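**Student:** Starting off with a structure, shown below.
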Amino acid sequence: MATKFHEGLIHVFQGIMSVASVHPVSGLTNRSQSYTSVSSLDDVTSYCPSEHVLSIEELRLQLNSCFTCGVSWTEDHVSLDCSECGGYSLERPCPLCDGHCSAVWKRDLTMSHACGKARWEGCCTLLKPQDDETRLCNRLEKLTASS
């Protein structure tokens, strides 16, 4: 048994009620009507209320802004007490050596927004990456010395 309410459709199966879809009553009152009879774009928008769609430029500006405090990193604005800003806009000096290597790190926008904390991508040119073998030897030496 199916019952229709003005705010949507509710289906009742074996005494259990479940919401299949909830939507406002539209301009189309029966299935025989279709959008093919619409003569202009204005008629379509009266049937389908549209939401504001961001342009690519608006989306870029939003992604390059802090989701927490709202400042625009593109305009080099930051909030010093905001963990997502982390005190810098889109670039910062190397955090590993406090900028002594002169490397500039770029903000990881995806991770900064996802974590709500500043995240950076870059490489320190003063710190030489050790290969896995050297790291393993160093750890074994420390383990041997401590036992």
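**Student:** Working only within segment 67-101, note down all residues that are part of a loop (DSSP other than H, G, I, E, B) and touching a strand residue (DSSP E or B) at 6+ places or on another chain (Cβ under 8 Å).
**Tutor:** Correct list: Val71, Gly86, Tyr88, Ser89, Leu90, Cys94, Pro95, Gly99.
**Student:** Every residue in segment 105-120 that is within 15 Å of Leu90 (Cβ to Cβ) and surrounded by 13 or more Cβ atoms within 10 Å (Cβ to Cβ), please.
**Tutor:** The answer is Trp105, Arg107, Asp108, Leu109, Met111, Ser112, His113, Ala118, Arg119, Trp120.
**Student:** Moving on to the next point. In this structure, does Arg135 turn out to be exposed (fewer than 11 other Cβ atoms within 10 Å of the Cβ), of a type in the set (Lys, Arg), farther than 15 Å from Ser65 by Cβ and at pLDDT below 95?
**Tutor:** Criteria not met by Arg135.
The values are calculated or read from the model by the stated rules, or taken from the named source; none is laboratory data. Because the structure is predicted, anything quoted here is derived from the model rather than measured. Reconstructed Cβ throughout: ideal geometry from the backbone, glycine too, with neighbour counts over all protein chains shown.
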